[in-house]
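*Asks:* Before I ask anything, here is the structure I am working with.
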Amino acid sequence: MRHLVVLAATLMLGATASAGEVRAPASFLSPDLRALQDDPSRHPGWLWVDGGEALWREAPRSGRPSCEGCHGPIDGMRGVAARYPAVASDGALLNLEARIERCRTDNQQAPAFGYESEALLSLTAAIALRSRGLPVAVETEGAAAQHLAAGKRFYETRQGQLNLSCGQCHDENVGRRLRGDVISSGVGTGFPAYRLEWNTLGSLHRRLRACSLGVRATQLPYGAYDYVALELYLAARARGLPVESPGIRR
Amino acid sequence: MRQALAALLLALAAAPAAAQVAPFVVTGDAVSAPLDGLAGDAGRGARIVRNRETANCLICHTIPDPRETFMGEVGPPLAGVALRLTPGQMRLRLIDPTRINREAVMPAYHRIADLLRVDPRWQGRPVLTAQEIEDVVAYLATLRE
């Protein structure tokens, strides 16, 4: 696996995207990683997908229905992940993880799985897979507009001891090398993703926390509003690009 | 009494942090006087520039050293930088490049004011001390080709 990482870095093309163009993360992957991402038989993320599909059918101890009990087979979730984050009926902005947690606590009356738990990552991956290849289609108008604006503000604000905004890397320096990495357009379409550096599957917020730390800014808690609003803005930037989850990353 | 003591303690606690950023005078696009009048050491500067935990210059720049791999290309190569910039110009670019270009991508290495959401571990501290800035300037001044 280590060799793969080195190889991936060596093979990576230094193509620089023209400013403003948001490219699919897969287009920044080395041919090896890209092949791995496209091959369920070798992609380690499928362990979580399989786990998520089992959880989907499993009834909670509360005596309430399983996910399947209310929603039917998981294939019915086609296209759902492509629409998240979305504003719920009570006005809250929910990402896919938070939407699942809501069903867990309110509809199943069971204790929340918890952000970054194996169970939540698995269900998220299994549901997101049902949108693989479909274009990102988040709602950005109406009730979503104010959240989108908050996310955009966060994205454009310089922060941390290194005083960098997200866009200074993910718009202005796309395609350039930052040490061993080639900077991508910084969208979340591949998450949850299996990152070789993590040696496990992780959520988009885990990746965002890594970028916050990279500029020595406060790492926000998982599920923090600012990250969810940012997630919406990233999805708006990625509109029309295919969902890649579960992704494979360095 | 209580209050006076508390105020004194606060002042004492704040003093070292403020003292961590040396005063400097900008003339044109340079800071000609060494920070705190310190002399830099090129050998130490070379190590600081390569340090992946602190300065981390090489995530964005290349230096002329074939032993270094995976260097970045966000900033210009540092080879020959001493032919392009005076030590004073290098010093200001390290202290705070936004003084030259508001949109600069390079981090300000000796500034604590007006930064947002700084991780508590680094709050009130510049990335590099005055001595480290002088060491890095001394090293950069050796890059003549």
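The values are calculated or read from the model by the stated rules, or taken from the named source; none is laboratory data. The model shown is predicted, which means the values in this text are computed figures rather than measured ones. For neighbour counting, all protein chains shown are included, and Cβ atoms are generated from backbone atoms with ideal geometry for every residue, glycine included. To get the accessible areas, we keep the full protein, side chains included, count just its heavy atoms, and leave off ligands, DNA and RNA. Shrake-Rupley method; radii C 1.70, N 1.55, O 1.52, S 1.80 Å.
*Asks:* Going residue by residue through segment B:133-145, is there one that turns out to be closer than 30 Å to A:Pro221 by Cα and either within 9 Å of chain A (Cβ to nearest Cβ) or not in a loop (DSSP other than H, G, I, E, B) (or both)?
*Replies:* Taking every residue of segment B:133-145 in turn, none turns out to be closer than 30 Å to A:Pro221 by Cα and either within 9 Å of chain A (Cβ to nearest Cβ) or not in a loop (DSSP other than H, G, I, E, B) (or both).
*Asks:* Out of B:Pro97, B:Pro76, B:Pro66, I need the residue that is closer than 18 Å to B:Thr54 by Cβ and more than 8 Å from chain A (Cβ to nearest Cβ). Which one?
*Replies:* B:Pro97
*Asks:* Which of the residues spanning segment A:125-139 are within 14 Å of A:Arg237 (Cα to Cα) and open to solvent by less than 20 Å² (accessible area, probe 1.4 Å)?
*Replies:* A:Val136, A:Val138
*Asks:* Further question on the same structure: Among (1) open to solvent by 50 Å² or more (accessible area, probe 1.4 Å); (2) at the interface with chain A (Cβ under 10 Å from one of its Cβ atoms), which single condition is B:Val118 missing?
*Replies:* (1)
*Asks:* Between a residue in segment B:120-139 that is farther than 12 Å from B:His110 by Cβ and of a type in the set (Phe, Trp, Tyr) and any residue that is part of a helix (DSSP H, G or I) and modelled with pLDDT of 95 or more, which pairs come within a Cβ distance under 8 Å, given they are 6 or more apart or on different chains?
*Replies:* Hits for this filter: B:Tyr139/B:Ala42; B:Tyr139/B:Gly43; B:Tyr139/B:Arg44; B:Tyr139/B:Gly45; B:Tyr139/B:Ala46; B:Tyr139/B:Ile48; B:Tyr139/B:Val49.
*Asks:* Collect the residues in segment A:173-203 that are surrounded by fewer than 21 Cβ atoms within 10 Å (Cβ to Cβ) and more than 12 Å from every other protein chain (Cβ to nearest Cβ), keeping them in residue-number order.
*Replies:* Result: A:Gly186, A:Arg195, A:Leu196, A:Glu197, A:Trp198, A:Asn199, A:Thr200, A:Gly202.
*Asks:* May I pose another question? Looking at segment A:209-250, which of its residues are buried (at least 17 other Cβ atoms within 10 Å of the Cβ) and on the phi > 0 side of the Ramachandran plot?
*Replies:* Result: A:Arg216, A:Gly223.
*Asks:* While we're here: Confirm whether B:Gly80 is in contact with a strand residue (DSSP E or B) (Cβ under 6 Å, 6 or more places away or on another chain), open to solvent by less than 20 Å² (accessible area, probe 1.4 Å) and over 23 Å from A:Tyr155 (Cα atoms).
*Replies:* When the stated conditions are applied, B:Gly80 does not pass them.
*Asks:* Inside segment A:131-172, can you point out the residues that are within 10 Å of chain B (Cβ to nearest Cβ) and on the phi < 0 side of the Ramachandran plot?
*Replies:* Selection gives A:Phe154, A:Thr157, A:Arg158, A:Gln159, A:Gln161, A:Leu162, A:Leu164, A:Ser165, A:Gln168, A:Cys169, A:Glu172.
*Asks:* Residues in segment B:87-132 that are under 16 Å from B:Gln20 (Cα atoms) and among the polar types (S, T, N, Q): how many?
*Replies:* 3
*Asks:* For segment A:150-169: of the residues being in contact with a helix residue (DSSP H, G or I) (Cβ under 9 Å, 6 or more places away or on another chain) and without any contact (Cβ under 8 Å) to a residue 12 or more places away in the chain, which is least open to solvent (accessible area, probe 1.4 Å)?
*Replies:* Here the residue is A:Ser165.
*Asks:* Quick check, is A:Gln108 within 14 Å of chain B (Cβ to nearest Cβ), open to solvent by less than 30 Å² (accessible area, probe 1.4 Å) and not hydrophobic (A, V, I, L, M, F, W, C)?
*Replies:* No: the conditions fail for A:Gln108.
*Asks:* Any residue in segment A:87-98 that is part of a helix (DSSP H, G or I) sitting within a Cβ distance under 8 Å of a residue that is at pLDDT 95 or above and of a type in the set (Phe, Trp, Tyr)? List the pairs, counting only those 6 or more apart or interchain.
*Replies:* Within 8 Å, the pairs are A:Leu96/A:Tyr84; A:Glu97/A:Tyr115.
*Asks:* Of the residues B:Gly80, B:Gly75, which is on the phi > 0 side of the Ramachandran plot and modelled with pLDDT of 95 or more?
*Replies:* Residue meeting the stated conditions: B:Gly80.
*Asks:* Against the definition (of a type in the set (Ser, Thr, Tyr) and more than 21 Å from A:Glu244 (Cβ to Cβ)), how does A:Ser41 come out, yes or no?
*Replies:* For A:Ser41, the condition - of a type in the set (Ser, Thr, Tyr) and more than 21 Å from A:Glu244 (Cβ to Cβ) - is not met.
*Asks:* Another question, if that's okay. With respect to A:Arg206, determine if the residue is open to solvent by 40 Å² or more (accessible area, probe 1.4 Å) and away from every other protein chain (no Cβ under 14 Å).
*Replies:* The answer is yes for A:Arg206.
*Asks:* Oh, and also: Exactly one condition in (1) within 14 Å of chain A (Cβ to nearest Cβ); (2) touching a residue at least 40 places away in the same chain (Cβ under 8 Å) is not met by B:Arg91; state its number.
*Replies:* (1) is the only condition that B:Arg91 fails.
*Asks:* Just to be sure I understand, how many residues within segment B:101-135 are within 19 Å of B:Glu53 (Cα to Cα) and of a type in the set (Asp, Glu)?
*Replies:* 4
*Asks:* Quick check: anything in segment A:40-57 within 26 Å of A:Tyr233 (Cα to Cα), touching a Leu at 6+ places or on another chain (Cβ under 9 Å) and open to solvent by 40 Å² or more (accessible area, probe 1.4 Å)?
*Replies:* No, segment A:40-57 contains no residue that is within 26 Å of A:Tyr233 (Cα to Cα), touching a Leu at 6+ places or on another chain (Cβ under 9 Å) and open to solvent by 40 Å² or more (accessible area, probe 1.4 Å).
Residues are listed down the side, and each one gets a yes or a no for (1) touching a residue at least 24 places away in the same chain (Cβ under 8 Å); (2) open to solvent by less than 60 Å² (accessible area, probe 1.4 Å):
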residue: B:Asp41; (1), (2): yes, no
residue: B:Ile59; (1), (2): no, yes
residue: B:Ile63; (1), (2): yes, yes
residue: B:Pro66; (1), (2): no, no
residue: B:Glu73; (1), (2): no, no
residue: B:Thr86; (1), (2): yes, no
residue: B:Ala108; (1), (2): no, yes
